[in-house]
Structures are given as structure tokens and as C-alpha cells.
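Right, one structure below, let's go through it.
The values are calculated or read from the model by the stated rules, or taken from the named source; none is laboratory data. Here the structure is a predicted model, which is why all the values come from computation and not from measurement. Cβ sites come from the backbone with ideal geometry, for glycine too, and all protein chains shown count toward neighbours.
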Amino acid sequence: MSDQLSWERREIQRLYPQADLSVGVDINQDGVIGPLESTRDLRDGDHDGSVDRREWHRFVSRNDQAFQRFQNSAASFFSWGRRLRSDNPIHDLLSIESNTHSSLEVHQAYITFEQILGRVRAKVLANPHMTPLEKMRCISTVLTDDLGVQYQPTDDFISGLNSRRLDCDTTSFIFIAIGHEMGWPIHGVEVPDHFFVRWNDGRGNRINFDFTSKDLNGTPRSDPDSYYEKERWLLSTNAIARGIYLTDLDVPQLIAQFLANRGNVELSSGHITEAMQDYREARNINPTNPAFHRWMAVLWYRLGQNRQSIAEYNEILRHLDPRDPQAYFERGLRRFEAGDVCGSIDDFNQVISLIETFRQSTSCEDCVVPEPMRNEDYANVYFYRGRSYFAIHNYEMALKDSGRAIAAGNSDAELRQLHQEAQRLYLLR
């Protein structure tokens, strides 16, 4: 056999640096090198015993467990994470995000995750009688104290993990993957614009754990569902009953979230076609997630397709969550631009009504509420409704709404111009 490795054997060695090339590669990580994984079965009789190029592609296509998503690249994930279970969703996550990262970055993410897992295991071995809540706090401690993870909004898991800058969903992905390795029933849970985890063993232990939401002592919160349903958000009872919010996500729903996050990264980079593909696949997997429709709506708007954008908001408000203030707010903006001024006023009225209902019902003073309910966006609702009133020559209401927006803290130059012009025209009636 020639001392010079052929291109395909170099490829195998690159993907599996510790593999014995004379035997084969355990691609599906089942502990056995089967016939389809043996390099000996692929030799074409050349003088150097190398693998024929056509046979290499057959070798790749046969191993659908390892290559089901991205062909040649995906096998490396099972090698890099060879100490992890092959059905761990972190393989799907890193495989999905590999499209936007180098192999080195993916490899580093695996190394970092395995470090986290190793430290969690060590702490559990030192204290084998931890309660479910203590186990989740153990993961939290490793992330914050051992690795120095800090909160920073991101949809890019690999970059966030490697830089130790993660947010609610990306940290939750770590909890879920750790739970998978440890045999702990940790699930992802969604509410509007937020993500946390839940320990749910089906035997009475059902504990929510919110890593990025801290109490006054800086400890991650562990609140009942009612906190998210009636205090942090004012969720639709129907949406909860249908499993849209506050339900344990299964693996396909989790993968849909991975794809949507990659779509957000693609969109922020200006890769419209790739973002559209990711959003569509995420929505096809989990069509009841309002966020996927909202992101599609944003994408349609950026493409200049206002009608399709409005249709996505219609789907949310008619069939998924009729109390989604963000959807009403954004649809109101799109309706105004489409010339449906009265429709935009109706939507802004709905936002203000939801805000008032929320403020009157909640006892939460430090909760993070959806964007239209924050003070600056609350002011913006009045600004945009005032603009709509101005467009239909209702200068009295335009004057009142622009005044409310200014009083609420909006100092935008366009708002002040609207207020002055509405005042002038109102006085000329």
C-alpha cells in the first residue's frame, strides 16, 4: 500500500483522527464497525488499497444515521461528540448551525459542552442525593461560576457557547442536552419571546427553571405556570390548552426552534433565501408556534410582500393566539402601509386594550413583558395610532395620541412634528 494517503482516506482521517483506517469507522456510534462502515469493503483493488471515489459516495449515502442532514459534514459531529449519546439533540443543533460556522468552531463547541457535562457529572458524583431542583441549579452553577457564562441576546448557539455569551433559549439547549446525557427529564418550554426549561418526570416532579430570570439574590427563578400565564405574560387560555405555550417541547419541536434560530442568524446577515428556507421548515415541523409565523411576516415585509406579511399575522391572531400584542402591533404597521388605515387603528386599539388589561391584572413589578407593553413601545403605539388618525383627518385624536406618546417618553422628531401639525390643523377646524 502506498505511503501517500488517497483523498478519501485523508477525508476519513480528517473526520476521525483516532480511527484505525485499516479496520473502519464506527460512524453511527453503536459500538460495532459494521460492513457498511468498514474501509476494507470499499477497496477497489488499486495498488495502494485506496477507496474508489464512487464507492466513497456510496459509503456516505448508506450511513443515513450520520449523514441524514448535511452529507459529508455530519459524520464529524458523531466523532467529535463520540462520548455523547448519538440521539442527543445537540448533534442536530450543531449540525444545523454548521452551515454558518467553520469545522473548528463546531469542534470547539463540542469540547466546551463536554467540559460542562464533565463538571456536572463530577458535582453529582460528589453529591448523589441531589433533588431535581438542585440538579438544575448544579448545571446553572457550572455555567455561571465555572465557565463564566453571561447573558447576551443571541440566536447563534455555537458562537454564544464558544464566547460564553448566551440567552434564554441557547442556555436552555445546554440544559436539555445535559439532561439527555444524565437521564434527567429536562424539557424546553416556550412562552412569547422567551424560553426556559422544565423538569417533568411524569411522577409529580414538575419544576420550571428559568436560568436567565433571576430573583433578588441572583438565583435563577423557579416559578409555577401561573406566573408565566398571568403575571409575566397575559396568555390566552385557549393557546395554553392547545399546547402552544407552557408545554414540554418534543424533539421535532426542538429541532424546529434550532432551524428558526439559524433563520434569524441568516436574516441578520442578509441571507434572505436561506432564512426563508429555515423559517418554512421550522413552521412545517411546528405550525402552531406563533413566533415562526411572525418571523416569516418580518421576512415577507423585507421582501416587499406586504400582503403575505399581513397573512402571517392573520394566521397568528385567528388561529393561534388572539391575545398576541406583538402580532397586533406589527400587523397594525403593515396595514397602515397597505392603505388600510382603519384596520391599523383597530389593531393599535387591541394592543392598548391588552396593555391596560395586563397592567391592571399583574402583581409582577420586575417582570419582562412583551415589547409593545414596555414603556417606550407603549408610547409608540400611541404615536402610530395618532399617525393613523391624522391620515383620516381626525386631528383631535391625532393630537391626543401624539401628546400621550410624548408624555410617555417618546422624543422622536417625527412624533413632535405630527403633534405640532395635528395641533395646527385641529385649531383651524
Practice item. Identify the residue in region 248-268 that is touching a residue at least 60 places away in the same chain (Cβ under 8 Å) and not in a helix (DSSP H, G or I) and, among all such residues, is nearest to Asp92 (Cα to Cα). Key: Leu249
**Study point:** region 203-229 residues that are on the phi < 0 side of the Ramachandran plot, paired with ones that are β-branched (Val, Ile, Thr) and part of a loop (DSSP other than H, G, I, E, B) (beta carbon under 8 Å, 6 or more apart)
**Key:** Ser213/Val368
**Study point:** When residues of region 106-132 are limited to those that are surrounded by 15 or more Cβ atoms within 10 Å (Cβ to Cβ) and out of contact with any helix residue (DSSP H, G or I) (no Cβ under 8 Å at 6 or more places or on another chain), the one modelled with the lowest pLDDT
**Key:** Glu114
Practice item. Evaluate the following for Gly332: is it in a loop (DSSP other than H, G, I, E, B) and modelled with pLDDT of 95 or more? Key: no
Practice item. Among the candidates Asp155, Asp169, single out the residue that is surrounded by 15 or more Cβ atoms within 10 Å (Cβ to Cβ) and not in a helix (DSSP H, G or I). Key: Asp155
Check your understanding: In the set Asp278, Asp223, Asp321, which member is touching a Gly at 6+ places or on another chain (Cβ under 8 Å) and not hydroxyl-bearing (Ser, Thr, Tyr)?
Key -> Asp278
Practice item. For Glu315, work out the one condition from (1) at pLDDT below 95; (2) closer than 28 Å to Asp250 by Cβ; (3) surrounded by fewer than 23 Cβ atoms within 10 Å (Cβ to Cβ) it doesn't fulfil. Key: (1)
**Study point:** Residues that are within 24 Å of Gln257 (Cβ to Cβ) and among the small types (Gly, Ala, Ser), drawn from region 104-136
**Key:** Ala109
Point to revise | region 341-364, residues that are more than 14 Å from Tyr389 (Cβ to Cβ), out of contact with any Phe, Trp or Tyr (no Cβ under 7 Å at 6 or more places or on another chain) and of a type outside the set (A, V, I, L, M, F, W, C) | key: Ser353, Glu356, Thr357, Arg359, Gln360, Ser361, Thr362, Ser363
Practice item. Hey, could you check region 130-160 for residues that are touching a residue at least 40 places away in the same chain (Cβ under 8 Å) and charged (D, E, K, R) and say which is nearest to Ile178 (Cα to Cα)? Key: Lys135
Practice item. State whether one or more residues within region 102-120 are in a helix (DSSP H, G or I) and basic (Lys, Arg). Key: yes
Check your understanding: Of the conditions (1) outside the structural domain of Leu216 (by TED's automatic domain parsing); (2) surrounded by 20 or more Cβ atoms within 10 Å (Cβ to Cβ); (3) free of Cβ contacts under 8 Å to residues at least 40 places away in the same chain, Arg283 fails just one. Which one is it?
Key -> (1)
